[in-house]
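Take a look at the structure below.
The values are calculated or read from the model by the stated rules, or taken from the named source; none is laboratory data. Given the structure is predicted, the values throughout are model-derived calculations rather than measurements. Please note: Cβ atoms are built from the backbone with ideal geometry, for glycine as well, and neighbour counts cover all protein chains shown. To get the accessible areas, we keep the full protein, side chains included, count just its heavy atoms, and leave off ligands, DNA and RNA. Shrake-Rupley method; radii C 1.70, N 1.55, O 1.52, S 1.80 Å.
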Amino acid sequence: MKLYPLLTLLLVPIFFLDVFAQETSLESKIQTADSLWKNNRLTDAIVQYKLIIDKEVVPAQYQSLVYLRLANAQFQAKLSKDCRKTLNKVKLLPVLPAHHQLMIDELEKKLNGIPLTGHTILSPQHQPVASLYVSSDIHGQKDRLVYLSLKEALEALPKIMSKPGLPKGPVEIIIEGGTYPLNETIHVTPGNSGTKNNPLVIRSASTDKRVVFSGGVSLKKWKRETNPQILDRLPQISRSKVWVADLKENNIYGIDSLVFGGFSSKRAEGGSSTFKTLPVPELFENGLPQQMARWPNNEDTIIALKDFKSSRVIKWAKDPDVWLHGYWFHMWADAYEKMGGISMKDSTIEIAPPVNNYGFAKSKWHVINALSELDNPGEWSISIKEGKIWYFPQNDVNPVNTVLSSNGPALMAENCNYLTIKGVDFQYIRGDGMLFTNCSHLTLADCSVKNTSGLGIKITGGESHLLHSCTIESMGRGGIDIGAGDKLRLVGSGSIIENCKIRNLSRIDRTYTPAIVLEGDGIKVRYCLFADIPSSGIRLEGNDMVVELNEFTKCVIESDDQGAIDVWGNPLYRGNIIRWNFFHDIGVPNLHMAAGVRLDDAISGFGIYENLFLRSSNNMFGGVQIHGGKDNFLEGNIFADCHAAFSQSAWGDKRWKESMNNPEHPMYKAMHTTDWQSKFWQQKYPALKNLLTDADVNYAIDNQAINAESWVLRKSKRFELLNNRLVKSEKHPSVAADYKDYLVPWHPIPVDQIGLYR
């Protein structure tokens, strides 16, 4: 009997502790377990995670989060058997985001002693069974097959490849170092392609002396312009300093038109992310692109065309190849318009049809290729009719080091498999660099495309592509345009873009010419650098993509309403993962809407986790902007010096349903061209069962924001936050390594591995 008062005293605090525990939120319980782990009390943390799983009613969308915390803690504690049991339970959960499935797969590999994939290793160089050589000097080489051009070597290849008894192994075309003129496009055909037993390798003979294929022609014949009629049209400042070159006298033929396009141009079949290249010639001096004569020189005028009145237009009208470049309505859609003349009524500019898709209201624009505007050193102008170029060089010197890009594309391959091109450079191309159609098992290694008016590499169709350690820079349009894998049947491509440097793009077409257009299924982009781009770094169009360990800097520095990674318009783009990337200095502060990642118009089902963001939130956008999408998980990211981590432009159920039922909306088109209701699609992406309902449901979990003003701009009630942390600090990160102070054991971001490697 004497024990009852003591027992009562003991039970009362236990009772109240239990009541307190029930009232404590899921978030605080996770934080308690996390704190134990962070303070090296791993065993206690495991107990707490188990209690959350066993005792709490955890919402379905957060269950895999807690299970994975437990599994990772068990792995770290070397409790392999317990870890496996936990992972088996995770797989049976009703909601399993794609990025958590990837975490499960990688943790299972660790348990099985399988190293996670690091750098992609190029296939070892096997002993070739046949070798052909390309050299500018074929004399004295009787002991080997030597050709003067790659074209000749390719033409000789079928005879060698069809030789009876040819052993298994690569056939090589080895090119001696030096510069080879591209008088015509190099064609690789099924007849001179490789096979599984005898892959074709086209490579440089030496890594020390690069092989260069040049589509440019050196302009050696210049003279001072003395024609009085031309001098009268030139500005006073340059009349005595302008040089003129005749194209035919410099052996340049085939440039019979000057046509510009742009994203919203009907000439370029605009309105999609893959509008066509128009082969514009460009002038280079000492390897640097020169500015086509423009007005204003270093900025734009902002006025409606109908309101623009200036005596300048009279001189512009004398040139038949004057163009106007502008953001005619949207600041994300540029186009070139050809000047058609002057209105006799009010001397305003007339535009030659076809015109852009948005009209000519108050716009931001400038004029190019008007001879009368040749007033700034480094500017040039071309007349197709007269076949001449005028140039106002720097420092008033004879422009003997100038090159005009005259020929392109550089290389075209169609229906060619088992092809490797290694250590070859392409430069001064008019139009696109390399084009591959329906080519599988294609490898481009240590190649470069530079100083080209189109895009660098275009791959359409095929599978198992590897673009490794390539450089694409100083481009008139974008870097790589790849369509691989089947996004309708969800067949992965097995294609990888790795360790590539893509920078200084969109010199001519300013918008929707990103470093990479990803279209299809299952393409990986890893360890790359994307820099100095007016618009986006990556445009993503498809499913099951992985974008990881890349550095994005100085993207979206001109365009508006864009992200360094940009996705638009299709709620069936599912299973895409963006992780371990470093976004910094994205957009122009306070100028335009720019984000590190922008999910625009119904983009759903993305896993954006463990990325680093620095100064990547502008105007109305956070570091990640979501417009109308749902089922997106934003987890374990760290934001620094972003005014907001996230931003949302919520649609609500009404707009969501209206968009799905509007035949003109991309949502409607996507849903009526994809078998998303099939058992296969529904099993792969279970969240599709709620596709028609519950708009704007997104989840931000475990994120940290350093010196942010707010978590979410325009947060709707359906944007859920769990376990996010605002941090005030006098320290401001400048490089990825500076984020190490903020890393936690359950989000081990590999900051030292991000970006290019040697």
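Things worth noting here:
- Within segment 236-256, residues that are over 12 Å from W222 (Cα atoms) sit with their Cβ atoms under 9 Å from residues that are surrounded by 14 or more Cβ atoms within 10 Å (Cβ to Cβ) and of a type in the set (S, T, N, Q), at 6+ positions apart or across chains, in these pairs: I237/N376; S238/N376; I252/S406; Y253/S406; G254/S406; G254/N407; I255/S406.
- Residue in segment 224-276 that is least open to solvent (accessible area, probe 1.4 Å), counting only those that are of a type in the set (D, E) and at negative phi: E225
- Set G461, G456, G492: member being open to solvent by 30 Å² or more (accessible area, probe 1.4 Å) and in contact with a strand residue (DSSP E or B) (Cβ under 7 Å, 6 or more places away or on another chain): G492
- Complete set of residues in segment 476-488 that are assigned to a loop (DSSP other than H, G, I, E, B) and under 20 Å from A670 (Cα atoms): G485, K487, L488
- Test: N451 is among the polar types (S, T, N, Q) and not in a strand (DSSP E or B): no
- So G537, is it over 23 Å from L122 (Cα atoms) and crowded, with 23+ Cβ neighbours inside 10 Å: yes
- Elements of type strands (runs of 3 or more DSSP E) contained in segment 562-620, each with 1 or more residues being modelled with pLDDT of 95 or more and in contact with a Cys (Cβ under 7 Å, 6 or more places away or on another chain): 562-568, 612-614
- The residue that is most open to solvent (accessible area, probe 1.4 Å), counting only those in segment 393-428 that are of a type in the set (V, I, T) and touching a Pro at 6+ places or on another chain (Cβ under 9 Å), is T420.
- A single entry from D532, D544 fulfils the requirement of being surrounded by fewer than 24 Cβ atoms within 10 Å (Cβ to Cβ) and closer than 22 Å to V280 by Cβ: D532.
- Just one of (1) among the charged types (D, E, K, R); (2) more than 30 Å from V397 (Cα to Cα); (3) assigned to a loop (DSSP other than H, G, I, E, B); (4) over 24 Å from the mean Cα position of the chain (by Cα) fails for D319. It is (2).
- Looking across segment 289-301, just one residue is under 16 Å from V313 (Cβ atoms) and surrounded by fewer than 14 Cβ atoms within 10 Å (Cβ to Cβ), and that is P296.
- Meeting the requirement of 1 or more residues that are of a type in the set (G, A, S) and in contact with a Gly (Cβ under 8 Å, 6 or more places away or on another chain), the strands (runs of 3 or more DSSP E) wholly within segment 366-413 are 402-405.
- Hits in segment 617-650 (condition: among the aliphatic types (A, V, I, L, M) and open to solvent by 10 Å² or more (accessible area, probe 1.4 Å)): M620, A650
- Identity of the residue in segment 277-288, open to solvent by 50 Å² or more (accessible area, probe 1.4 Å) and not hydrophobic (A, V, I, L, M, F, W, C), that ends up farthest from P320 (Cα to Cα): N286
- If the condition is being over 32 Å from the mean Cα position of the chain (by Cα), charged (D, E, K, R) and surrounded by 23 or more Cβ atoms within 10 Å (Cβ to Cβ), then segment 352-385 contributes only E373.
- Restricting attention to segment 216-252, the residues being in contact with a Ser or Thr (Cβ under 6 Å, 6 or more places away or on another chain) and under 30 Å from C447 (Cα atoms) number 4.
- Filter result for L466 (farther than 23 Å from L283 by Cα, open to solvent by 10 Å² or more (accessible area, probe 1.4 Å), assigned to a strand (DSSP E or B) and hydrophobic (A, V, I, L, M, F, W, C)): yes
- Condition check for S135: more than 33 Å from the chain's Cα centre (by Cα), open to solvent by less than 50 Å² (accessible area, probe 1.4 Å) and of a type in the set (S, T, N, Q): yes
- Among all residues of segment 429-439, there is none that is open to solvent by 10 Å² or more (accessible area, probe 1.4 Å), touching a residue at least 40 places away in the same chain (Cβ under 8 Å) and part of a strand (DSSP E or B).
- Elements of type strands (runs of 3 or more DSSP E) contained in segment 489-559, each with 3 or more residues being within 21 Å of L591 (Cα to Cα): 529-533, 551-555
- From L371, L404, L455, L444, residue being touching a helix residue (DSSP H, G or I) at 6+ places or on another chain (Cβ under 7 Å) and among the aliphatic types (A, V, I, L, M): L371
- Complete set of residues in segment 350-360 that are touching a residue at least 24 places away in the same chain (Cβ under 8 Å) and farther than 15 Å from D300 by Cβ: I351, P354, V355, N356, N357, Y358, G359
- Filtered residues of segment 188-223 (kept if farther than 30 Å from I175 by Cα and either in contact with a Pro (Cβ under 9 Å, 6 or more places away or on another chain) or open to solvent by less than 10 Å² (accessible area, probe 1.4 Å) (or both)): W222
- E473, sole failed condition from (1) under 17 Å from E548 (Cβ atoms); (2) assigned to a strand (DSSP E or B); (3) open to solvent by 10 Å² or more (accessible area, probe 1.4 Å): (1)
- Condition met for Q625 (among the polar types (S, T, N, Q) and either in contact (Cβ under 8 Å) with a residue 24 or more places away in the chain or in contact with a strand residue (DSSP E or B) (Cβ under 9 Å, 6 or more places away or on another chain) (or both)): yes
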